[in-house]
Amino acid sequence: FFDIVLSGVAILILSPLLIPIMIALKCTGEHYIFYGQTRIGRNNGYFKIWKFATMLLNSPNMTGGLHTTHGDPRILPLGGFLRKTKINELPQLFNVILGDMSLVGPRPLTVGEGREIPRFVDRRMLVRPGMTGLWQVSGRSNLSEADRVRLDLFYVANWSMVQDLLIVAKTVRAVLASDGAY
């Protein structure tokens, strides 16, 4: 209920921002607006996570991993702004409304990600993945992989509504500071 109501309100409030972004994305870059990627959700279910398009696709001269770094050449000029401000993540509010995600939880894994860490994936699958979570408000991309794993597992083991509300409040601060966002 919390996820659906808060996501619905956020979509209504942010809708005047969404339309100009969609128009700007259509007029720049590779002329696509959304980027969908298959992720793993609760109970190992697959779903398509949606974001505003921020990177070049199918560029033969550019390679990179799943995670971007500072100065990643695949990022489009408008995409850099959208990523730094986390506006590129707003389409995930629709993933929350559809029940694929929660507002707060561990970030959804890509297919095969984390399999090398014993019991990590199984533990994470106990909760819905979230738009934000402990590692997003604790350093984001500046954290080591071990710290992100530790924070995800801590969240799953210690979930509470109060903690979720605190993470939502800290997310606003983290997004405004733009630390660790690439």
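Relative contact order of the range 83-182, taken over Cα pairs closer than 8 Å and 6 or more residues apart, is 36 percent.
The 3J(HN,Hα) values that the Karplus relation (6.51, -1.76, 1.60; θ = phi - 60°) gives for the range 37-43 are, in residue order, 9, 6, 10, 9, x, 4, 6 Hz. Gly and Pro appear as x. For Thr28, no residue whose modelled amide H falls within less than 5 Å of its own remains once neighbours fewer than 5 places apart on the same chain are excluded. Only the Cβ atoms of Lys and Arg (+1) and of Asp and Glu (-1) were treated as charged; on that basis the dipole of the chain about its Cα centre amounts to roughly 40 debye. The share of accessible area on the range 11-53 that comes from carbon and sulfur is 67 percent, using a 1.4 angstrom probe.
Across all directions, the average projected area of the convex hull around the alpha carbons of the range 70-182 is 7.4 nm². Less than 5 angstrom separates the built amide H of Leu90 from those of Phe52, all sequence-distant by 5 or more or on a different chain.
Using C-alpha pairs under 8 Å with a sequence gap of at least 6, the mean separation divided by the residue count of the chain gives a relative contact order of 23 percent.
For the chain, the solvent-accessible area of protein heavy atoms averages 55 Å² per residue (probe radius 1.4 Å; ligands and nucleic acids excluded).
Computed on protein heavy atoms with a 1.4 Å probe, the accessible areas place Glu113, Glu145 in the order Glu145, Glu113, largest first.
In the chain, helices alone account for a calculated mean residue ellipticity at 222 nm of -13000 deg cm²/dmol, with every DSSP H run of four or more residues adding -39,500 (n - 2.57). With R₀ fixed at 22 Å, the C-beta to C-beta distance from Ile19 to Phe94 puts the FRET efficiency at about 0.90. Solvent-accessible area assigned to carbon and sulfur over the range 96-160 amounts to 55 percent, based on a 1.4 Å probe. In plain terms, the chain from Arg150 to Leu12 could stretch by 46.2 nm, reckoned as 0.36 nm per residue minus the Cα-Cα distance.
Ligands, DNA and RNA aside, Asp147 has an accessible area near 50 Å² when probed at 1.4 Å.
Applied to the range 94-99, the Karplus parametrisation 6.51 cos²θ - 1.76 cosθ + 1.60 on θ = phi - 60° returns per-residue 3J(HN,Hα) values of 6, 4, 5, 4, 6, x Hz, with x for Gly and Pro. Ligands, DNA and RNA aside, Leu57 has an accessible area near 70 Å² when probed at 1.4 Å.
Backbone geometry of the range 122-129 corresponds, through the Karplus equation with coefficients 6.51, -1.76 and 1.60 at θ = phi - 60°, to 3J(HN,Hα) couplings of 4, 5, 5, 6, 6, 10, 5, x Hz, x marking Gly and Pro. Under 5 Å between amide hydrogens, built in the peptide plane, is the criterion, and for Met55 it picks out Leu76 among residues at least 5 positions away or on other chains.
The values are calculated or read from the model by the stated rules, or taken from the named source; none is laboratory data. Note that the structure is predicted; figures quoted are calculated from it, not measured. Cβ sites come from the backbone with ideal geometry, for glycine too, and all protein chains shown count toward neighbours. Note: accessible area is taken over every heavy atom of the protein model, side chains too, but ligands, DNA and RNA are not part of it. Shrake-Rupley method; radii C 1.70, N 1.55, O 1.52, S 1.80 Å.
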